[in-house]
Each structure stands twice: as C-alpha cells, then as structure tokens.
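Below is one structure, written out as structure tokens; comments come after it.
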Amino acid sequence: MRYVKPLSLFKDVLKTDGLERSRLLGLDVGSKYIGLAVSDINNKVASPLSVLLRKKSNIELMADDFQCLISELSLEGFVVGFPFDRQRGTSDSVLVKLFVDELCNTNKLRGIKYTYWDERFTSKNVELLLKPLNLHPVHSKTIVDKFAAVGILQEYLDYVNRKLKE
C-alpha cells in the first residue's frame, strides 16, 4: 500500500479505462470493527458494504479479505477515515495509523493506494440518527461503523468531484 494525496488518488481512479471502472473503498477504523463502504462505478455515491471484526491476530486474514474485495469490486484505492486534530494527536489517530501500518506490513496490498480523510463526527452523526430506533447495542454498533464509512467516503467523493469541476 502506498499513501497518496486525496486529489491524486481520485485522478488515478479516473485514469482507469475499460469496461469496469475502478472504485474506492471507504474505511471507518475502530478498535473492534472496521466499517466498509464502496463507491459506485462513477465514483459519485458511497454505499454501505460490510463490517470486519478487528483483532491484532487477524491482520493477515483482513488483508486477504481486502484482496478479495479489490478483485471483486475493481477497487483502485482506500479512503481511510482519520480523526484530524490540529492541536494534538489523539488515541484514535494512533489507532488508525497503526492499522494502516499493519496492513502495509502484510505486503498483500502492494498495488493499492490510500489516502486519509477527516472523519470527525461521522460516527456521532450516525449514532444520533439511530438513537430513536432503540436498536440492540451490537446491531447498532455495526450499523454505525458501516454508515460512518459511508459518510467518510461520501464526503471525500463530494470534495474531489467538486474540485475537478473548478
């Protein structure tokens, strides 16, 4: 995996040609779960995909899962939610960085590019929407993670599509 700037990642996606256009995967990295969202083939709309259980012992299995998703969905890169805080680093930002480093160290995702995107308040926004539904906490948590990933990826897609029109 290789880090690229947000706009560079999107320009690389647009370069892909052929019958199947490349898409992007949004990741909401948490301590227990990784929420996943995928872009449509036009890279304009994000949709929820799934949630992966996160354990230190299963990083190799997670890399295998990502390899399968890359081939099944024609993924060009990952948009990883990152809690930017201009004042100081947070424990959540360290958690995300360690996860990405661990994925890189598996050497299973060599051709994949990734970028970071500000994820502050995405989970909180989804939690507020779900609160009136009174869902079981476990069910609620997986929905929050999935839709937080949607929020991260959608904000990214809106930004890059708008930038390219300027």
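The values are calculated or read from the model by the stated rules, or taken from the named source; none is laboratory data. This is a predicted model, so every value here is computed, not measured. Please note: Cβ atoms are built from the backbone with ideal geometry, for glycine as well, and neighbour counts cover all protein chains shown. All accessible areas refer to the heavy atoms of the entire protein, side chains included, with ligands and DNA or RNA removed. Shrake-Rupley method; radii C 1.70, N 1.55, O 1.52, S 1.80 Å.
Here are some notes:
- Members of the range 106-135 that are open to solvent by less than 40 Å² (accessible area, probe 1.4 Å) and at pLDDT below 90: Glu119, Thr122, Ser123, Val126, Leu130
- Scanning the range 74-105 for residues that are at pLDDT 80 or above, out of contact with any Asp or Glu (no Cβ under 9 Å at 6 or more places or on another chain) and part of a helix (DSSP H, G or I) yields a total of 11.
- Subset of the range 28-52 (residues that are buried (at least 20 other Cβ atoms within 10 Å of the Cβ) and of a type in the set (S, T, N, Q)): Ser39, Asn43
- Residues in the range 15-27 that are open to solvent by 90 Å² or more (accessible area, probe 1.4 Å) and in contact (Cβ under 8 Å) with a residue 40 or more places away in the chain: 2 in all.
- Hits in the range 1-20 - residues which are assigned to a loop (DSSP other than H, G, I, E, B) and either touching a helix residue (DSSP H, G or I) at 6+ places or on another chain (Cβ under 8 Å) or among the aliphatic types (A, V, I, L, M) (or both): Met1, Val4, Leu19
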